[in-house]
Every structure is written in structure tokens, then in C-alpha cells.
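Participant: Please see the structure below; I have some questions.
The values are calculated or read from the model by the stated rules, or taken from the named source; none is laboratory data. This one's a predicted model, so the numbers in the text were calculated from it and none came from an experiment. Cβ placement follows ideal geometry from the backbone for every residue including glycine, while neighbour counts extend to all protein chains displayed.
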Amino acid sequence: MRSETAARKLTYAQAIQEALRQAMEADPGVVVIGEGVPDPKAIFGTTAGLREQFGAQRVFDMPLSENGMTGVCIGAALCGIRPVMVHQRIDFALLAMDQLVNNAAKWHYMFNGLKSVPLVVRLIVGRGWGQGPQHSQSLQALFAHIPGLKVIGPATAYDAKGMLIAAIEDNNPVLFIEHRWLHNINDVVPVDSYRTSLDKARIVHAGNIVTIAAFSYMVMEALHVAQAFAKHGIAVEVIDLRSASPLDTDTVLSSVKKTGLLIVADTARASGGITAELITRIVEQGFDHLRKPPTRIALPDHPAPTSHFLANGYYPDAVNIFEEICRIADIKLGADARAQILHDIRRINPHDVPNLAFTGPF
Amino acid sequence: MLRIRRVEEALAEKYAEQQMRCPMHLCIGQEAISVGVCATLTNQDVVFSNHRAHGHYLAKGGDLKRMIAELYGRSTGCCGGRGGSMHLVDLDVNFLGSTPIVGGTVPLAVGAAWAARLKGDDRLSVAFFGDGGVEEGVVHESMNFAALHRLPVLFVCENNNFSVYTPLKERQPNQPIYKMAEAHGLTSWHGDGNDVETVFNIARQATQAIHNQQGPQFIELSTYRWREHCGPNFDNELNYRTAEEITTGMAACPLAKSRKNILAAGTQSMDQLQQLENEIDREIAAAFEFALSSPIPTYTDAVGKVYAQ
């Protein structure tokens with residue numbers, strides 16, 4: 001029987017806050033730093049109460065110096081501190097590319113393994129409400145291209161807590177990507193501290209018709225579709241990739257051996273993205289198991305527009321995934337079944353918000 | 001200083017043999033800064049440096065044999081051959097690393113100082129960089145944060161007037177670099193970087209101020225790079241600097257000045273100085289021998305240690 005505490009639910013944002021709190025309680029070397037960390041909004045609530053509990057020495061705001069402060073965190077990490085740095089938008093981390101790519105990623109390698117950089121950088125991906133070209137990029141592939149960085153993107157509150165604790169305890173630089181539309185999603189989250197592997201994908205919905213491998217928020221869209229299909233006895237397998245680097249090819253390959261069909265869904269642009277990398281690997285390693293060419297559901301090759309009128313159509317969603325499943329798996333639904341599934345998965349909110357409770361500003 | 005000079009000259013001499021196959025930035029002419037600053041540090045104080053790092057590494061006490069082996073790409077090198085001249089490290093003496101992205105290690109020195117503050121350690125950090133370094137935004141970001149939290153860090157700017165072949169006047173308005181540090185709220189110092197006693201006296205006061213909780217300090221020291229930006233040769237034929245400038249710059253040799261002072265003061269005789277030089281040359285010869293007789297790594301040694309356990 002599930003105990004009451006084990007069934008406790010938290011939002012993704014609350015799970016992050018709890019992970020930070022427990023990691024800071026466990027290790028006095030853990031510090032949290034970022035623009036707005038101790039401010040009244042507390043990074044969408046994810047850092048709420050930390051300064052009160054751990055003090056201003058360990059819970060820090062910072063100057064608008066993304067590159068310099070990343071270097072400061074790297075220097076501290078080389079001297080026994082475990083910094084957790086937060087960027088309210090992943091776009092801001094582009095200012096820190098020199099320190100992330102030239103120093104954090106390479107320090108362990110270029111100095112022959114003498115030292116490592118235990119640094120976590122939380123990067124929030126925005127979407128909707130007119131955030132436009134510079135506040136809603138999904139840059140996992142950009143970072144995943146760099147050896148020495150780990151790039152993870154939990155999709156559930158359970159994984160957000162477990163993977164953040166594991167990332168803080170990891171001795172490498174870990175980029176922890178949070179999609180803003182996941183922050184308010186509830187999940188069962190154990191009260192105690194726990195660790196979730198940073199390099200393993202997870203089957204979140206078992207099936208045998210088709211494999212959908214999804215990253216971050218796209219896991220939620222894929223799950224909606226899988227659940228709607230399940231009512232009609234059609235079992236779609238959904239894999240939550242959880243990590244862009246390393247990319248767990250084995251879990252996807254095992255699934256493809258079963259289904260013979262692969263769709264990869266990402267929150268980012270298709271070209272040069274992790275969808276491309278994953279499909280390449282599956283083609284290289286499992287070509288004979290594929291019954292049809294794998295396909296991608298991802299963003300088109302242009303930046304996000306701001307106007308919600310212009311953005312209506314930019315983001316693929318559950319309906320796109322549904323249609324692609326029907327096509328690739330050659331599923332012929334009756335009119336009623338099709339209407340039922342579309343009814344189940346169609347977005348009822350305005351397209352530019354995660355839910356009706358969201359009224360901006362970002 | 002003499003040891004650093006003789007090491008650099010030996011490297012320059014042997015570089016043409018094409019066995020040290022990596023970019024090398026010699027610090028001949030600039031030795032007084034490394035020596036004068038590092039003489040004020042304890043072993044536990046940490047140093048970060050840049051592409052022109054040999055002097056900083058040796059002055060902090062870095063292992064000469066492992067440095068030479070690194071330049072030859074051998075397994076016994078301080079980075080096992082992964083770094084070369086532009087990536088030196090010796091954790092035994094807290095020389096935490098040098099890298100060639102200009103300004104790139106300056107925030108790391110500030111971060112090390114921040115860690116010392118968080119852990120209550122009485123150790124300071126030093127960042128060595130050049131006049132080009134202060135043109136990097138990250139250096140100003142570093143100074144701002146260090147000043148904001150009064151962190152125990154010493155910024156050392158070696159002003160040799162050149163970024164590669166481009167003179168300072170083509171890169172910065174005509175104003176002293178140390179004034180920029182003052183504008184950030186740092187206590188700043190400046191002086192003749194070719195006079196080791198001047199460097200030592202300034203560095204001693206600056207490090208003492210840091211130990212006295214007076215916050216981060218900035219030192220600008222003028223000096224002169226004798227040879228080409230990268231490589232072993234003199235480069236007078238390139239004509240980016242006048243013959244007169246080169247003559248004047250080399251006449252300000254920190255070693256010559258020091259030697260004159262030592263002999264005048266009578267603390268060492270000419271014979272003793274010659275004996276010292278002979279000892280240094282023997283040590284250098286042994287370091288080259290160590291490097292050249294060290295195991296040669298293979299590609300299989302290059303693939304691991306991307307991630308720490």
C-alpha cells in the first residue's frame with residue numbers, strides 16, 4: 001500500500017525547490033546563485049525560502065554578468081564549492097558560452113583529469129505569451145555538441161527533483177534544462193532525498209505500435225496522445241529521453257526493435273538537433289529493425305515570432321503527433337474513434353499559454 | 001628571474017628542432033613581474049594565468065621537469081600532453097591553471113577567492129593577464145563582482161603595450177589601465193614592471209591589504225616583450241615597432257638591473273652569480289633530458305577523462 005507521504009504531489013517548480021533545499025542541507029558547499037534567486041518572485045518559486053533558511057552567503061543574487069559569473073562559479077567549483085547557477089531564460093546563457101565551452105567543459109580533460117568542475121546551470125526554456133525570438137529558444141543541441149558538458153531535461157516533477165539532486169552531486173558541469181510549461185505540472189514526488197540517473201531514458205508509456213522518443217515538454221504532448229490511443233486499444237510507446245547528452249540510444253533502440261517505427265519529438269529546431277542525432281544513431285545501429293524512415297516532430301527553421309497570431313502554428317503539438325502516428329503506423333481509425341481521440345488531445349487553452357491559470361507576464 | 005630567463009632561452013634555442021610542437025609565448029623581458037608577485041605569496045595562495053604562463057608557473061614553484069615534458073607532449077607532462085605551453089598546472093603549489101582565451105581565467109581567480117570566503121580559508125587568489133585582457137568584458141565583470149563582495153583577489157595586469165602586434169594606442173584611449181580598476185572600486189597600484197624590487201614592494205603592500213580585509217587589489221605593471229608574440233624569435237624585421245623602441249625596451253632588462261644592484265650592494269659576487277647560472281643551466285639540461293627520455297603517449301591516452309567520475 002502506498003503511504004500517504006509517498007503519494008504526495010508537488011509541482012515541477014516545487015520539486016526543484018525541494019531538491020535545492022535538500023541538497024543544501026546535505027552539503028554546506030552547495031550555493032545557489034543567479035539573477036533573481038532571492039527576489040520576491042524567487043525564479044517562479046523554485047528558490048523560495050532558500051535565503052531565509054541558508055543565508056545570504058549561500059543564496060545569492062548576482063550582477064548581470066553571465067559570462068563572468070559563470071567563470072566565478074567555475075573557479076569556486078575548482079576550490080570545493082558546488083554552485084548551482086540559474087538563468088531565467090536559457091537565451092541568457094549564450095552570454096556565458098566562452099566560460100561554459102572553453103573552461104567548464106574542458107577543464108577536466110585539458111588538465112588531464114586533475115580537477116573537475118562540479119557546476120549545475122539551470123536553464124529555463126520559455127514559450128508563449130509573446131516571448132519571441134530571444135526568450136524562447138531551446139538550445140539543448142547547442143550544448144550537447146560540446147564534450148564535457150552533461151545536458152539534461154527532466155519532464156516530470158519526480159525527475160526534476162531526482163535529477164537535480166543527482167546533478168548537484170555529480171562532479172561535472174551539468175546543464176539542467178527546465179521548460180517553463182512544465183513548472184506547474186503536478187507529479188508524485190517522494191519527500192525524502194533521492195537521485196535519478198542522468199544518463200538513462202525512461203519508458204513512460206509502454207506500447208508496441210510505434211516508438212515516440214521525446215525530450216522535455218514534448219513528453220507531455222506525446223503522453224496525451226498515447227493515453228488517448230490507449231482507450232482504443234492502440235498501444236504507443238513513449239520514451240522520455242531525459243538527457244540530451246549523453247543520449248541514451250540503447251533504450252530507444254530496444255523499443256524500435258519491438259515497434260519498427262520511430263518518431264522523435266523535441267522542443268527545438270529539427271535541423272542539427274538531438275532529433276537528428278538520435279535518428280542517425282538508430283539508423284546506424286538498428287537500420288534492419290526499421291520498417292519505415294524515422295520522422296521528426298520539432299520546430300521549423302526560423303526563430304519564434306512574438307505575436308500570438310504569428311506564433312499560432314509555430315509549435316507542433318499533440319495533434320501533430322497523433323497525425324504522424326496514424327501516418328507512419330498506417331492506423332485507420334473509424335470516424336468516431338478519430339473524433340474521440342482528437343477531442344481528448346486537442347488544446348482547449350489559448351495556444352500561447354500552458355493552462356488557463358497562466359496570465360503572463362512571462 | 002635568471003632561472004626563468006635561462007629556461008625561456010633554452011626553449012627558444014630548441015624550438016627550431018620542431019619537437020616542441022605547440023604554440024609558445026615566451027616571457028623574456030617580463031620576468032620581474034612573475035617573480036616579484038609570487039615572492040609575496042604562500043604555497044596555499046592560488047594562481048591563474050594566461051597564454052604567456054611559463055614565468056608565472058615557475059615563479060609559483062611549478063615543477064620545471066613536468067613543464068618541459070608538457071611542451072614536448074610527453075606522458076610525464078603536467079597535463080600528460082593534453083595542454084602544452086598554453087595549459088600549465090601544478091596543484092602541489094596551487095598553480096591552478098593557465099589557458100589561452102584572453103581574460104578567461106580572471107573570473108576563475110575571483111571564484112577561487114569567493115570559495116575561500118565561503119569556506120573561511122585565509123588564502124588569496126592571483127589572476128595574471130595582459131593589457132589586452134582588460135579589453136575583455138569578462139575582466140570587468142570579474143572586477144565588479146570582486147569589488148562588490150570585497151573578495152581576496154589580486155589582479156595583476158602586465159602591460160607590455162602589445163596585443164600580438166597591435167599597440168595599445170590602437171586599442172584603448174589614452175588613459176592609464178589602473179584607472180579603470182579604480183573606477184570599479186578596486187584599490188589600484190602601478191609601477192615599473194621591469195624592476196623586481198618595485199614589483200615586490202607593490203605586491204607586498206597589495207597582498208598585505210588583502211590579508212587585512214581591505215578588499216581586492218589591482219596592480220598594473222609596465223614591461224616589454226622582447227620577442228615575437230608567439231614563437232622563439234626576435235621579430236624586428238616585421239617593423240611593427242621601431243628599432244629605437246626595441247633598443248629602449250631591452251635596455252630596461254629586469255635582470256641587468258637586478259644584477260647591477262646585487263653587485264653594487266655586494267650581496268653576491270660575480271663568481272657567485274656565474275655559479276648560480278651554471279647550476280640553473282644544469283637543472284635545465286636535466287629537465288630537457290627528463291622530458292626527452294619520458295614515455296611517449298599514444299592516441300589511446302587522449303580519449304578518456306572527458307567526464308569526472
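Participant: Filter the range A:106-133 down to residues that are closer than 19 Å to A:G68 by Cβ and more than 20 Å from the chain's Cα centre (by Cα), then give me how many there are.
Facilitator: 3
Participant: Further, regarding this structure: Taking the range B:99-120 on its own, how many of its residues are surrounded by 24 or more Cβ atoms within 10 Å (Cβ to Cβ) and under 17 Å from B:Q44 (Cβ atoms)?
Facilitator: Here the count works out to 8.
Participant: Scan the range B:147-165 residue by residue and report those that are among the charged types (D, E, K, R) and either on the phi < 0 side of the Ramachandran plot or buried (at least 20 other Cβ atoms within 10 Å of the Cβ) (or both).
Facilitator: B:E158
Participant: Among A:Q57, A:Q88, A:Q53, which is on the phi < 0 side of the Ramachandran plot and facing chain B (nearest Cβ under 9 Å)? Explain how you work it out, then say what you get.
Facilitator: Details: A:Q88 fails: facing chain B (nearest Cβ under 9 Å); A:Q53 fails: facing chain B (nearest Cβ under 9 Å).
A:Q57 is the lone residue from the list that is on the phi < 0 side of the Ramachandran plot and facing chain B (nearest Cβ under 9 Å).
Participant: A further question on this structure: Within the group A:L299, A:L278, A:L356, which residue is surrounded by fewer than 17 Cβ atoms within 10 Å (Cβ to Cβ) and farther than 14 Å from A:V210 by Cβ?
Facilitator: Just one listed residue meets the conditions, A:L356.
Participant: Which one of the conditions (1) facing chain A (nearest Cβ under 10 Å); (2) in a loop (DSSP other than H, G, I, E, B) does B:I28 fail to meet, given that it meets all the rest?
Facilitator: It fails just one condition, (1).
Participant: Could you please find all residues in the range B:150-164 being touching a helix residue (DSSP H, G or I) at 6+ places or on another chain (Cβ under 7 Å) and under 18 Å from B:H25 (Cβ atoms)? So that I can check it myself, show each step before the final result.
Facilitator: Going through the range B:150-164, the residues touching a helix residue (DSSP H, G or I) at 6+ places or on another chain (Cβ under 7 Å) turn out to be B:151-159, B:161.
Hits for the range B:150-164 are B:V156, B:C157, B:E158, B:N159, B:N161.
Participant: If you don't mind, there's one more thing I want to ask. Pairs only if they're at least six apart or on different chains, beta carbon under 8 angstrom, first in the range A:71-82 and more than 7 Å from chain B (Cβ to nearest Cβ) and within 18 Å of B:E141 (Cβ to Cβ), second in a loop (DSSP other than H, G, I, E, B) and among the charged types (D, E, K, R); list them, first residue then second.
Facilitator: No pair meets every condition.
Participant: Let me ask you something else. Restricting to the range A:140-170, name every residue that is assigned to a loop (DSSP other than H, G, I, E, B) and within 14 Å of another protein chain (Cβ to nearest Cβ).
Facilitator: A:H145, A:I146, A:P147, A:G148, A:L149, A:D170, listed by residue number.
Participant: Hey, does the range A:129-139 have a residue that's buried (at least 21 other Cβ atoms within 10 Å of the Cβ) and in a strand (DSSP E or B)?
Facilitator: no
Participant: Give me the residue from the range B:124-142 that is in contact with a strand residue (DSSP E or B) (Cβ under 7 Å, 6 or more places away or on another chain) and at the interface with chain A (Cβ under 9 Å from one of its Cβ atoms) and, out of that set, farthest from A:Q99 (Cα to Cα).
Facilitator: So, considering only residues that are in contact with a strand residue (DSSP E or B) (Cβ under 7 Å, 6 or more places away or on another chain) and at the interface with chain A (Cβ under 9 Å from one of its Cβ atoms), the one farthest from A:Q99 (Cα to Cα) is B:S125.
Participant: Among the residues of the range B:53-68, is there at least one that is modelled with pLDDT of 95 or more, over 28 Å from B:D301 (Cα atoms), within 14 Å of chain A (Cβ to nearest Cβ) and in contact with a strand residue (DSSP E or B) (Cβ under 6 Å, 6 or more places away or on another chain)?
Facilitator: Looking through the range B:53-68, none of the residues is modelled with pLDDT of 95 or more, over 28 Å from B:D301 (Cα atoms), within 14 Å of chain A (Cβ to nearest Cβ) and in contact with a strand residue (DSSP E or B) (Cβ under 6 Å, 6 or more places away or on another chain).
Participant: Please find, among A:A104, A:A13, the residue that is aliphatic (A, V, I, L, M), farther than 28 Å from B:G304 by Cβ and more than 9 Å from every other protein chain (Cβ to nearest Cβ).
Facilitator: A:A13
Participant: Can you give me the ranges of the strands (runs of 3 or more DSSP E) entirely in the range A:203-310 with at least 3 residues that are in the same structural domain as A:A329 (by TED's automatic domain parsing) and hydrophobic (A, V, I, L, M, F, W, C)?
Facilitator: On the way: elements: A:211-214, A:237-240, A:243-245, A:262-269, A:295-299.
The strands (runs of 3 or more DSSP E) meeting that bar are A:211-214, A:262-269, A:295-299.
Participant: Further question on the same structure: Is it true that some residue in the range B:230-238 is closer than 22 Å to B:V153 by Cβ and either in contact (Cβ under 8 Å) with a residue 12 or more places away in the chain or aromatic (F, W, Y) (or both)?
Facilitator: no
Participant: Right, here's the next one. What are the pairs with Cβ atoms under 7 angstrom where one residue, in the range A:149-175, is closer than 22 Å to A:G113 by Cβ and in contact (Cβ under 8 Å) with a residue 40 or more places away in the chain and the other, located anywhere, is in a loop (DSSP other than H, G, I, E, B) and among the hydroxyl-bearing types (S, T, Y)? Sequence gap at least six, or different chains.
Facilitator: Final answer for the pair search is A:N171/A:S116; A:N172/A:S116; A:N172/B:Y307.
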